[in-house]
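The values are calculated or read from the model by the stated rules, or taken from the named source; none is laboratory data. In this text the structure is predicted, and so the values were computed from the model without any measurement. Here Cβ is always computed from backbone atoms with ideal geometry, including for glycine, and neighbour counts include all displayed protein chains. These accessible areas exclude ligands, DNA and RNA; they are computed on the full protein's heavy atoms, side chains included. Shrake-Rupley method; radii C 1.70, N 1.55, O 1.52, S 1.80 Å.
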Amino acid sequence: ILYYIGIGPGHPFTKSAIALKALSLALNKSELPAAMSASHRPTSNLVPPEISPAPFSKERALDADIGRAQTMLATAGFKEPRKVPVLKLLYFNRPAMAELAQWVQAQWKKNLGLRVELEGHETKTYWTQLAKKPQAFFINSKGAAYPDADAFFRLFTQVESGKSSQNLGHWQDAEYDRLIKRAAGAEALAERKKIYAEAEDRLLELKHALIPLYFRSTQYLAKPYVEGLVINPLTSITFEKVKYPPQAFRKSTK
């Protein structure tokens, strides 16, 4: 499952690709596992490498580039961070999400000098409210419904029957939609990879629909004698290849 900062309208930053890039560069994502006390996998990409046809794109840096971020912020016209309107970051009320929001708040304040206001909402109503009224910055999460990169890329499309119900920032880019449609119809693996690499650049570098943060880890317990237990990228288990010694299920005579 990908956790990310969604981006929508409502703040001067969201009109500037350079300012949004500065926000992304100011986050030291390598710190996330320690900050959240969990073995999550930090990322600056959209699709986990286990999902077909990945890997198809360049590996984007996880460590913050604070000097470059500050320069880009000034280039975007925000030379005095204290005069920038407060950034409001929404999150759904779970302890881990509160920790994540606080971490983002601290990073943007320390590395860019920005003021960030946090706003938590009950989980049941969080996404309903966002669907009705998109916000400039919000925390969201999404897993793949099927094991293909299309499941992630389609989240941000506006094609055919209208916008994706998960496109909570109401982001739109006609060229991106065209690329995703082409990728879905492409038969050659090499062609799909090339198309998705271009689409990801538009999504994360040129237009900024989101700022990826991490892929959530999946933890499980298994007896040491169990063999062949594999959790696939959709976090489900197939038991067909699981092996175990018969004596493991014998009742103890003691």
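For residue 68, the criteria (1) out of contact with any Asp or Glu (no Cβ under 8 Å at 6 or more places or on another chain); (2) farther than 17 Å from residue 107 by Cβ; (3) open to solvent by 50 Å² or more (accessible area, probe 1.4 Å) hold in every case but one, which is (2).
Pairs meeting the criteria (first residue in the stretch 202-214 and open to solvent by 10 Å² or more (accessible area, probe 1.4 Å), second residue assigned to a helix (DSSP H, G or I), beta carbons under 6 Å, at least 6 apart or on different chains) are 202/176.
Residue-level check: of (1) open to solvent by less than 20 Å² (accessible area, probe 1.4 Å); (2) in a loop (DSSP other than H, G, I, E, B); (3) of a type in the set (Phe, Trp, Tyr), residue 56 misses just (1).
Condition (residue is among the basic types (Lys, Arg), part of a loop (DSSP other than H, G, I, E, B) and touching a helix residue (DSSP H, G or I) at 6+ places or on another chain (Cβ under 9 Å)) applied to the stretch 65-72: is it met by at least one residue?
Checked against the condition, which is being among the basic types (Lys, Arg), part of a loop (DSSP other than H, G, I, E, B) and touching a helix residue (DSSP H, G or I) at 6+ places or on another chain (Cβ under 9 Å), the stretch 65-72 yields no hits at all.
Residue-wise test of (1) closer than 23 Å to residue 20 by Cα; (2) in contact (Cβ under 8 Å) with a residue 40 or more places away in the chain.
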{"position": "103", "(1), (2)": "yes, yes"}
{"position": "107", "(1), (2)": "yes, yes"}
{"position": "112", "(1), (2)": "yes, yes"}
{"position": "125", "(1), (2)": "no, no"}
{"position": "129", "(1), (2)": "no, no"}
{"position": "135", "(1), (2)": "yes, yes"}
{"position": "152", "(1), (2)": "yes, yes"}
{"position": "157", "(1), (2)": "yes, no"}
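The set of residues from the stretch 113-159 being of a type in the set (Asp, Glu) and either open to solvent by less than 20 Å² (accessible area, probe 1.4 Å) or within 18 Å of the chain's Cα centre (by Cα) (or both) comprises 148, 150.
Listed conditions (1) under 30 Å from residue 6 (Cβ atoms); (2) open to solvent by 100 Å² or more (accessible area, probe 1.4 Å); (3) modelled with pLDDT of 80 or more are all met by residue 187, apart from (1). Residues in the stretch 1-43 that are modelled with pLDDT of 95 or more and hydroxyl-bearing (Ser, Thr, Tyr) were compared, and the one that is surrounded by the most Cβ atoms within 10 Å (Cβ to Cβ) is 24. Checked against (1) closer than 27 Å to residue 16 by Cβ; (2) open to solvent by less than 70 Å² (accessible area, probe 1.4 Å); (3) outside any strand (DSSP E or B), residue 90 meets all criteria but (3).
Output the residue which, of all residues in the stretch 97-112 that are surrounded by 15 or more Cβ atoms within 10 Å (Cβ to Cβ) and small (Gly, Ala, Ser), is nearest to residue 13 (Cα to Cα). Result: 101.
Using the structure shown, decide if residue 238 is open to solvent by less than 90 Å² (accessible area, probe 1.4 Å) and at pLDDT below 95. When the stated conditions are applied, residue 238 passes them. Annotation note: Cβ proximity below 9 Å between a residue of the stretch 71-95 that is of a type in the set (D, E, K, R) and at pLDDT 95 or above and a residue that is in a loop (DSSP other than H, G, I, E, B) and surrounded by 13 or more Cβ atoms within 10 Å (Cβ to Cβ) (sequence gap 6+ or interchain) occurs for 80/113; 88/10; 88/11; 88/135; 88/136.
Consider only pairs whose beta carbons are under 9 Å apart and that are at least six residues apart or on different chains; among these, list those whose first residue lies in the stretch 42-69 and is basic (Lys, Arg) and whose second residue is part of a loop (DSSP other than H, G, I, E, B). Listed by first residue and then by second, the contacts come to 58/45; 60/43; 60/44; 60/45.
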